[in-house]
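Following: one structure in structure tokens, then a few remarks.
Bear in mind that the values in this text are calculations on the coordinates, not laboratory data. Please read all numbers here as calculations on a predicted model, not as lab measurements. Neighbour counts are summed over all protein chains in view; Cβ atoms, including those assigned to glycine, are modelled from backbone coordinates with ideal geometry.
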Amino acid sequence: MADLFERVRDVVVRQLKVDPAEVTPTANFTEDLRADSLDIVDLTIAIEEEFSSEADFEIRDEDAENIHTVQDILDFLKAQGIS
Amino acid sequence: MTRALVTGLGAITPIGNTAEEFWNNLVNGVSGVTRITRFDPSDLPVQIAAEVKDFEPGRYMDTKAARRMSRFAQLAVAAAKLAADDAGLKLTDEERPRAASSIATGSGGAIDTMEEMQVLMERGPARVSPFYIPTMAPNMGACQVSMTLGLRGPALASVAACASGLYSYIEAKMLIETGQADVVLAGGSEAALHPLPIAALANMKALSRRNDEPERACRPFDADRDGFVFGEGAVVLVIESEVRAKARNAKVYAELAGGALSADAYHITAPREDGTGAAQAMTQAMHNCGLTPADIDYIAAHGTGTPLNDASETLAVKTAFGKDAERLALSSPKSMVGHLLGAAGAVGALAAVKAIHEDVAPPTINLETPDPQCDLDYVPLKARKMPIRAAMANGFGFGGQNGCVVFRKYEG
């Protein structure tokens, strides 16, 4: 199975319609990947869907407020026990 | 008072994804009706439709922007861009507040409601798309056209069932005549291909069930007609003030002479059998343009292929035109394009404009067995080269909304 970063990258590419090369761990969603608030909500739903079979978790609004970069999503998922 | 001219044509339809391809297929009698491919129609009584083929939103707009649009808005944006390109429309920042959009629709993003409802029921509220509301709203065709082309004047979105498309031209004419806009991107869009409306219209007995012969299913004015064919698509025309068009030496296809609207005040689906509501719109439309029945050479008929419509429209034309009804040619684009519902009136408008520009009346295909109740000249089977000075486009919607728009040759 693809590693965690690759799976998150694929979701981000699909949802934000960005080039895979742009999706680095430090990429900021609003500044680097041109996402707006609706995109980020949509992205969190897609991330929940992608990993729903591996852990019972939800990205709550207060979690989403701390998600600014790709690395933030990776850290959040690792904290749910997903690797 | 400045005149309103047609200076650009855009179309994404079941018989062509440009106005030129649409027209060539229309004149050659090519049907866009096939077995439904978008979903498996096996358990539906009606398994045919007029689908738009090979539509790639990314060819016309940013793919991320497209993801936030319902298909009807994507089709509208694509048709509007094609029309703007055809017109060679270039707007300065100073001109943008006087550039408008008027994109009518029957059901807007109803298809998104059907799909998101399924998400809600099956996967719960947390999975519902945050884009659902600004995607499904029926004003979004007009708003997305405005956003994409930078039109900062009025953005209008008439909803009038199958007459909707024609309302956009009435509005465009009004905006230009009253000096509220110099350019209006006007038309209609519809994309609601889903088992739900097909099932509902089939149960209403409104749709043709000729599943084995899709190309022969829509047969307006024919004795064996058995209903209309559900379709999708968008048509947008650039309507421009004569002053602006002349100043930039624009190519002009025709003049948007005017039009009129009426309501049957009668029944939720059936037209008045004697066609008086439709006749009133036609008579008033001619009056509003300063024309008489003797001036009209061609009508792009509503011509749905339902038993009721075609008979009542025939009576309406006879009432409105008197003895000129026997002289003029009328035909139904729906025999080939299918019924694009909220975009159907705009399809008729495009057919009327091209008919004037090319001096050709497109045919009514599948009109093989004349119906005694339908005894006018419907240009059966083959297109006809003939002088066309002025042409009318008709549209009649469920609820009894009637729309009628007249175009005429532009002499400069």
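So who's got an amide H within less than 5 Å of the one on B:Gly258, skipping anything under 5 residues away but keeping other chains? H placed 1.01 Å off N, in plane.
So B:Gly258 has HN proximity to B:Val406.
From zero outward in steps of 10 Å, how is the percent of C-alpha pairs of the stretch B:8-133 spread across the bins?
Result, from short to long distances: 11, 30, 36, 17, 6, 0 percent.
Counting other beta carbons within 10 Å of each residue's own, what order do B:Arg71, B:Arg35, B:Arg3 fall into, fewest first?
B:Arg35, B:Arg3, B:Arg71
So what's the back-of-envelope 222 nm ellipticity for the protein assembly as shown, counting only DSSP H runs of four-plus at -39500 (n - 2.57) apiece and dividing by all residues, rounded to 500?
Values: 18 runs with 183 residues, N = 495.
One gets -11000 deg cm²/dmol as the mean residue ellipticity at 222 nm.
Please arrange B:Cys289, B:Cys162 by how many other C-beta atoms lie within 10 Å of their C-beta, fewest to most.
B:Cys289, B:Cys162
What is the diffusion coefficient of the stretch A:4-79 in µm²/s, taking the Kirkwood radius over Cα pairs and the Stokes-Einstein relation at 37 °C with a viscosity of 0.692 mPa s?
268 µm²/s
Between B:Lys323 and A:Leu4, what is the label-to-label distance in nm when each label sits 7 Å out along the Cα-to-Cβ direction?
8.8 nm
Going by average Cβ neighbours within 10 Å, how do the peptides B:345-354, B:251-260 rank, with the highest at the top?
By packing density, highest mean first, the sequence is B:345-354, B:251-260.
Kyte-Doolittle mean at least 0.5 and Cα extent at least 15 Å along the axis: which DSSP H helices of chain B qualify?
B:71-87, B:344-358
Considering amide H positions built from the backbone, and no H for Pro or chain starts, which residues 5 or more places from B:Arg272, or on another chain, come under 5 Å of its amide H?
B:Gly277
Between B:Ile299 and residues 5 or more places away or on another chain, which pairs have amide H atoms under 5 Å apart, with H built 1.01 Å from N, and which residues are they?
Answer set, sorted by chain and number: B:Ala329, B:Leu330, B:Ser331, B:Met392.
Using a cut-off of 15 Å between beta-carbons, work out the net charge of the residues near A:Glu50 (Lys and Arg +1, Asp and Glu -1, A:Glu50 not included).
With Lys, Arg at +1 and Asp, Glu at -1, the neighbours total -3.
Take peptide B:55-67, look around each residue's Cβ out to 10 angstrom, count Cβ atoms belonging to other protein chains, and average those counts.
Across B:55-67, the average partner-chain Cβ count within 10 Å equals 1.
Lys and Arg at +1, Asp and Glu at -1: add these up for the other residues within a Cβ distance under 13 Å of B:Tyr266 and post the number.
After counting each charged neighbour, the total is -2.
All other residues with a Cβ under 14 Å from the Cβ of A:Arg34 taken together, and with Lys, Arg as +1 and Asp, Glu as -1, what is their net charge?
-4
Given C-alpha coordinates of chain B, what is the ratio Rg to Rh with the Kirkwood estimate of Rh?
0.95
What FRET efficiency would be calculated for the residue pair B:Leu196, B:Val243, taking the C-beta separation as r and a Förster radius of 56 Å, to the nearest 0.05?
Efficiency, rounded to the nearest 0.05: 0.75.
Quick check: Cα centre of the stretch B:184-253 to Cα centre of the stretch B:24-83, how many Å?
Centre-to-centre distance over Cα atoms comes out at 11 Å.
Please report the relative contact order for the stretch A:4-79, taking Cα pairs under 8 Å with a sequence separation of at least 6, and give it as a percent rounded to a whole number.
38 percent
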